[in-house]
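*Asks:* Attaching a single structure in structure tokens format; questions to follow.
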Amino acid sequence: MTYAKPAPIAIPTEPIGSIPRPPDLIQKLAQVDSEDPALAARYEEAVRDTIERFEATGSLVVTDGEQRKYHNFLTYCVHGLPNTSADGFKIPFSDGHTRRMLRLTRGPFRYLRYADSYLDVAMRYAHVPVKQAVISPSALSLMYPAEGIPDYPREQFIEDLLREHETEIRRCLQKGAHKVQIDFTEARLATKIDPSGQLLDSFIDLNNLALSRFSPEERRRIGVHTCPGGDFHATHSADVDYADLLPRFFELKADNFYVALACEQDRRRVLKIIRKYLKPRQRIFVGVISPNRAGIESAEEVRDRVLEALEYIPIEQLGTTDDCGFAPFSDDTSTSRDTAFAKIRARVLGTALAENLIGGDHHDTG
């Protein structure tokens, strides 16, 4: 009697978001305002080319590469808001350079654009599911000045912020986003700024207020991403111990978690922490590609990282991803588009190699 060979167990693999912009677009952005109508054709071509190259890697989930996000992943939704100033919260990176948030100068707080507008364009070109990244409420909460704003109390700001964030996610879900990923890169940074953990706790609580507005069914399509930051191959919080973050991180009311791991010095130690605090409904997409690493990982290297993760995370709760986006800030030229897509292809192929190896050894109960 012959038996059919067991089918490979599917391990989902997804990108985080950003892809380096084409050089001609970066050059043009340095010359004109990012919202100049003359850029429309360049943006459109950048999105089309990004999705075409994404699909060529074999990726079954794509993004628009954040080609149209004005300046960065942090302030795309409020870029150009008239009641803001450029001298907001400063983010220091390990190589000495800094980035700044916008500072709110008066109320009310509003989004100028929602991320579903990017989804509209991406879905015109994509033949596979599209995910959409959005910024966290906790990151945008840093726009409110410590000294307060006359006639616009922080409580009203928070209510306006939560409403706008909820609106953005709902619009993305309604338009068919495969997943909506909340970028929570400031989580690890919060622990560095305030080792007592109070700032992180306040961020977790704020993001949970937002997540609580969604049903369990909706939260199955919502995820949260954490990483040590990435900009010109530098980070803002890689020196922060994951043990100080992950126990609280998994208290977030989301079903999908994207955790930078490839860049960690001791991956097994982090995986042990994940195993300890992981909850039954949560799926963990572990980073198997490091955008901050100049070289291109091999498919075999990715395969081995997946197999390593499987020693600690049940297969029905495991996924793979990149540690972070390849160019969260639009002027970051430290990684080329070719390199980014080569790394993504390695992730896709390496995850498939791991699937083939474990096909007969595990039972998917997911």
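*Asks:* For the pairs Lys90/Lys192; Lys69/Lys253; Lys69/Lys343; Lys28/Lys90; Lys28/Lys69, note any where the Cα-Cα span goes beyond 19 Å. Don't jump to the answer; show the numbers that get you there.
*Replies:* Working: Lys90/Lys192 13 Å; Lys69/Lys253 26 Å; Lys69/Lys343 22 Å; Lys28/Lys90 26 Å; Lys28/Lys69 15 Å.
Violating the 19 Å limit, Cα to Cα: Lys69/Lys253; Lys69/Lys343; Lys28/Lys90.
*Asks:* Excluding Pro108 itself, what net charge comes from residues whose Cβ is under 11 Å from its Cβ, given Lys and Arg +1 and Asp and Glu -1?
*Replies:* With Lys, Arg at +1 and Asp, Glu at -1, the net is -1.
*Asks:* Additional query: Most fluctuating residue of Asp332, Asp231, Asp244 in a GNM of the chain with Cα springs under 10 Å: which is it?
*Replies:* Result for the chain, Cα springs under 10 Å: Asp244 fluctuates most.
*Asks:* Give the list, by residue number, of cysteines in the chain with no other Cys Cβ closer than 4.7 Å, or say none.
*Replies:* Cys77, Cys172, Cys263
*Asks:* By its C-alpha gyration tensor, with a ≥ b ≥ c as the square roots of the eigenvalues, how is the stretch 59-174 shaped: rounded for a/c under 1.5, else prolate for a/b larger than b/c, else oblate? Working shown, then result.
*Replies:* Working: a/c = 2.56, a/b = 1.54, b/c = 1.66.
Oblate is the answer for the stretch 59-174, as a/c is 1.5 or above yet b/c matches or exceeds a/b.
*Asks:* Please list the non-local residues whose amide H lies under 5 Å from the amide H of Gly223, H modeled 1.01 Å from N, same-chain partners needing a gap of 5 or more.
*Replies:* When sequence neighbours closer than 5 places are left aside, the close amide H contacts are Val180, Gln181, Ile182.
*Asks:* In the chain, with Lys and Arg counted as +1 and Asp and Glu as -1 at Cβ, which of these residues, Leu310, Leu25, Ile182, has the Cα nearest the positive end of the dipole, that is, farthest along it?
*Replies:* Result: Leu310, furthest along the dipole toward the positive end.
*Asks:* Could you give me the radius of gyration and the Dmax of the stretch 1-127, taking only the C-alpha atoms into account and expressing both in angstrom?
*Replies:* That works out to 19.4, 77 Å for Rg and Dmax.
*Asks:* Here's something else I'd like to know. At most 15 other Cβ atoms within 10 Å plus a DSSP loop assignment makes a site exposed; report the longest stretch of the chain without any exposed GluC sites (Glu not before Pro). Write down the numbers at each step before the final one.
*Replies:* Values: sites that count: Glu35, Glu147, Glu251, Glu311.
No qualifying site falls inside 36-146, the longest such stretch.
*Asks:* With r as the distance between the Cβ atoms of Arg100 and Asp201 and R0 = 25 Å, compute the FRET efficiency 1/(1 + (r/R0)^6) and round to 0.05. Don't skip to the end; give the middle numbers.
*Replies:* Working: r = 25 Å, r/R0 = 0.98.
Given R0 = 25 Å and the Cβ-Cβ separation, E is 0.50.
*Asks:* Find how much the distance from Ala294 to Ala30 grows on full extension, using 0.36 nm per residue of separation minus their present alpha carbon separation; answer in nm with one decimal. Walk me through the numbers before you get to the answer.
*Replies:* Numbers: separation 264, 0.36 × 264 = 95.04 nm, distance 2.50 nm.
My answer for the length gained is 92.5 nm.
*Asks:* Here is a further query. For the chain, set up a Gaussian network in which alpha carbons nearer than 10 Å are linked by springs, and say which option among Ala340, Ala262, Ala40 fluctuates the most.
*Replies:* Highest fluctuation among the options: Ala40.
*Asks:* Given the DSSP H assignment, sum -39500 (n - 2.57) over each helix run of at least 4 residues in the chain and divide by its residue total; what's the result at 222 nm in deg cm²/dmol, nearest 500? Numbers along the way, then the final one.
*Replies:* Working: 12 runs with 135 residues, N = 366.
Rounded to the nearest 500, it is -11000 deg cm²/dmol.
*Asks:* Across the stretch 276-288, in residue order, what do the Karplus-derived ³J(HN,Hα) couplings come to in whole Hz, using 6.51 cos²θ - 1.76 cosθ + 1.60 with θ = phi - 60° and x for Gly and Pro?
*Replies:* 5, 10, 5, 9, x, 8, 8, 10, 10, 8, 8, x, 10
*Asks:* Something else: Which one of Val32, Val128, Val224 has the biggest mean-square fluctuation once the chain is modelled by GNM with Cα springs under 10 Å?
*Replies:* Val32
*Asks:* Let me ask you something else. With a Förster radius of 22 Å, plug the Cβ-Cβ distance of Glu251 and Lys90 into 1/(1 + (r/R0)^6) and report the FRET value to the nearest 0.05. Please report the intermediate quantities before stating the final value.
*Replies:* On the way: r = 28 Å, r/R0 = 1.27.
For R0 = 22 Å, the calculated efficiency reads 0.20.
*Asks:* Taking H placed 1.01 Å from N in the peptide plane, check which residues at least 5 places from Thr320 or on another chain put their amide H under 5 Å from its amide H.
*Replies:* Long-range HN contacts for Thr320: Thr13, Glu14, Val286.
*Asks:* In sequence order, what are the phi-derived ³J(HN,Hα) couplings for the stretch 240-251 according to the Karplus relation 6.51 cos²θ - 1.76 cosθ + 1.60 with θ = phi - 60°, rounded to whole Hz, with x for glycine and proline?
*Replies:* 8, 5, 4, 4, 8, 10, 4, x, 7, 4, 7, 7
*Asks:* Suppose every Lys and Arg Cβ carries +1 and every Asp and Glu Cβ carries -1, with no other charges. What dipole size does the chain come out with about its Cα centre, to the nearest 20 debye?
*Replies:* Details: 47 positive and 54 negative charges, 107 e Å.
I would put it at about 520 debye.
*Asks:* While we're here: Take every Cα pair under 8 Å in the stretch 155-266 that's 6+ residues apart, average their separations, divide by the length, and report that relative contact order as a whole percent.
*Replies:* Relative CO of the stretch 155-266 lands at 31 percent.
*Asks:* Taking a temperature of 37 °C and a viscosity of 0.692 mPa s, what whole-number D in µm²/s does Stokes-Einstein yield for the chain with Rh from Kirkwood over alpha carbon pairs? Mind dumping the intermediate values first?
*Replies:* On the way: Rh = 20.8 Å.
Estimated diffusion coefficient is 158 µm²/s.
*Asks:* Also: Rounded, prolate or oblate: which fits the stretch 49-114, taking a ≥ b ≥ c as square roots of the Cα gyration tensor eigenvalues, rounded meaning a/c under 1.5, else prolate when a/b beats b/c? Write out the running numbers ahead of the final one.
*Replies:* On the way: a/c = 3.94, a/b = 1.69, b/c = 2.32.
Taking the square roots of the gyration eigenvalues as a ≥ b ≥ c, the stretch 49-114 is oblate.
*Asks:* Per 0.36 nm of contour for each residue apart, how much would the distance between Asp194 and Asn83 grow if the chain were fully extended, relative to their Cα-Cα spacing? If you can, show how the numbers build up before the last one.
*Replies:* Working: separation 111, 0.36 × 111 = 39.96 nm, distance 2.84 nm.
Length gained between Asp194 and Asn83: 37.1 nm.
*Asks:* If you don't mind, another one. Quick one: which residues, 5+ away or cross-chain, put their amide H under 5 Å from the amide H of Ile91? H built at 1.01 Å from N.
*Replies:* For Ile91, whose amide H was placed from the backbone, the distant partners under 5 Å are Arg99, Arg100, Met101.
*Asks:* Hey, another quick one. Can you give the extra length, in nm with one decimal, that the chain gains between Asn208 and Ala56 once fully stretched, where that is 0.36 nm per residue apart less the Cα-Cα distance? Mind dumping the intermediate values first?
*Replies:* On the way: separation 152, 0.36 × 152 = 54.72 nm, distance 3.67 nm.
Length gained, Asn208 through Ala56: 51.0 nm.
*Asks:* Still on this structure, I have one more. With θ set to phi - 60° and the Karplus curve 6.51 cos²θ - 1.76 cosθ + 1.60, what are the ³J(HN,Hα) couplings of the stretch 18-34 in order, to the nearest whole Hz, using x for Gly and Pro?
*Replies:* Here the 3J(HN,Hα) series is 7, 10, x, 6, x, x, 5, 5, 4, 4, 5, 5, 6, 9, 10, 5, 5 Hz.
*Asks:* Spin-label point model (7 Å from Cα, Cβ direction): what's the Ser336 to Lys279 distance in nm?
*Replies:* With each label point 7 Å from Cα toward Cβ, the separation is 4.5 nm.
*Asks:* Right, next: Could you tell me the calculated FRET efficiency between Asp304 and Phe232, based on Cβ-Cβ distance and R0 = 25 angstrom, to the nearest 0.05? Write down the numbers at each step before the final one.
*Replies:* Details: r = 28 Å, r/R0 = 1.14.
FRET efficiency, Asp304 to Phe232: 0.30.
Each reported figure results from applying straightforward, stated rules to the coordinates on display, with no laboratory input. These numbers come from a predicted model, not from an experiment. In this analysis, Cβ positions are derived from the backbone assuming ideal geometry, glycine residues included, and neighbour counts consider all displayed protein chains.
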